Structures are given as structure tokens and as C-alpha cells.
1. Once you place label points 7 Å from the Cα toward the Cβ at Thr134 and Ser62, how far apart are they in nm?
2. Per DSSP helix of 4 or more residues, -39500 (n - 2.57); summed, then divided by the residues of the chain. What does that give at 222 nm, rounded to the nearest 500?
3. Name the aspartates and glutamates eligible as straight-distance cross-link partners of Lys3: C-alpha to C-alpha under 18 Å, and not fewer than 8 places from it in the same chain.
4. Pulled fully out, how much extra length does the chain show between Glu173 and Leu40, if you take 0.36 nm times their separation in residues and subtract their Cα-Cα distance?
5. Under a Cβ-only charge scheme (Lys and Arg +1, Asp and Glu -1), can you give me the dipole magnitude of segment 4-177 about the Cα centre, in debye to the nearest 20?
6. With both partners inside the chain, how many of the DSSP beta bridges are antiparallel, as a percent to the nearest 5?
7. As an exercise, use a Förster radius of 22 Å and the Cβ-Cβ distance of Leu166 and Ala54 to find the FRET efficiency, rounded to the nearest 0.05.
8. Work out the charge dipole of segment 4-177 with +1 on the Cβ of Lys and Arg and -1 on the Cβ of Asp and Glu about the Cα centre, then indicate which of Asn147, Leu73, Ser157 is farthest towards its positive end.
Amino acid sequence: MQKTAVIVLADGFEEIEALTPADVLKRLGCRVILAGLDQLQVTGAHGFRLVCDALVKDTDLSAADAVILPGGLPGATNLRDNADLAEVLRQRNSAGKLCCAICAAPIVLECAGIINGRAVTGYPGCEGLSGSETLKFSGDPALRTENLVTGKGPGASFDFAREIALALDFTAEQVAQLYAGMMVNA
């Protein structure tokens, strides 16, 4: 059965952190939906404009096998400040469904109350954007802790994509073969 991943985008998203997992998962045979938080056309942190497949409000995030949140600023804070997204993430976490965030985006998971002391990684110095005194990043390029997959930042985008693929039950061999063909050393 084909897996589905939804990548949630808000203005200011980090382009490489959104498109690397989108590309990797699609090449592995995953259905990938780019969902705009509140508009179909979003502008990345570096000025690239992207037209999403759908709006979040029209996408069943609860049915997706993975929900992926790219970092970037103010993209991550735009995601963090959306109460509806936080509620969906809480529901997904309660059901043990895959929630993924990279760079500054783990603050979204923290503010939604779903990290709860579990080990996560993210962009150094962004912890304070959550308003939490307890959020600490491990420093790992990518990390899977139960149903959470987190990544450190732009340079770890392929590591992050690999951890998501493995969490979606693609095999290490499938990912290694894909990465070899793409000439990725991650």
C-alpha cells in the first residue's frame, strides 16, 4: 500500500528542508502532498515561490502516514502559531503517528506539547523560539525517537529524509540504493 506524506508549508519555510524529503520520498514511491498552511502559493526563506497541491484545511492530516514540518524563519514560527495545526499534531502524536520536524520546526512540536522530554534535534539556538526552558537539541544530524523524526538543519536534509523513509518502512537497502544513484553520501 502506498504511503502518504504531507509537507506543511508556511511563508518563510526553508526550501531545501521541504523539497529534499519531498523528492526522496517521491522517488521511493511515496505519495507526497505539499500543503499550504493558509495559502496555495508560499514563499520560502530565500525567495523561491512554490505552488502547493492543497491547503492544510482541505487535507486530511490525520490520515497521512507522515506529517513533515520544514524549518526556516519565519516559516517555523508561522507553523508554531497555528492552533489548528497544533491540535492535529497532538492528535497524531496521541495515536502514535509520525510527526517530523527539521531545523527550527521542532519548536512547533514543543509548543504543541508533544515532545515531553523525548530526545530531538534541531537548529542550535532555536530552542528559545518555543518559549520552553526544557527543549534541548541533541546535535545529531537526524534523530528518530518513537513517532518523532527530527533533523538538525539544511545540511542534514538527506539524513532527515532517510530517517523519515525508514520510519515509513522503506528498507535501509532501498534508501541506500536511491542515495547511491543520486550520489548522496548521507
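We did not get these values from a lab; they are worked out from the coordinates using the rules stated. Computed from a prediction, not measured in an experiment: that's the story for all the values here. Every residue, glycine among them, receives a Cβ derived from its backbone with ideal geometry; neighbour counts consider all protein chains shown.
1. 2.7
2. Values: 6 runs with 59 residues, N = 186.
The per-residue figure over the chain is -9500 deg cm²/dmol.
3. Hits, sequence-local ones excluded: Asp23, Asp53, Asp60, Asp65, Glu163, Asp169, Glu173.
4. Values: separation 133, 0.36 × 133 = 47.88 nm, distance 3.54 nm.
Extra length from Glu173 to Leu40 when fully extended: 44.3 nm.
5. Details: 14 positive and 22 negative charges, 37 e Å.
Magnitude of the dipole: close to 180 debye.
6. Details: 7 of 27 bridges.
In the chain, DSSP labels about 25 percent of beta bridges as antiparallel.
7. On the way: r = 26 Å, r/R0 = 1.20.
After rounding to 0.05, the efficiency reads 0.25.
8. Value computed over the given set: Asn147.
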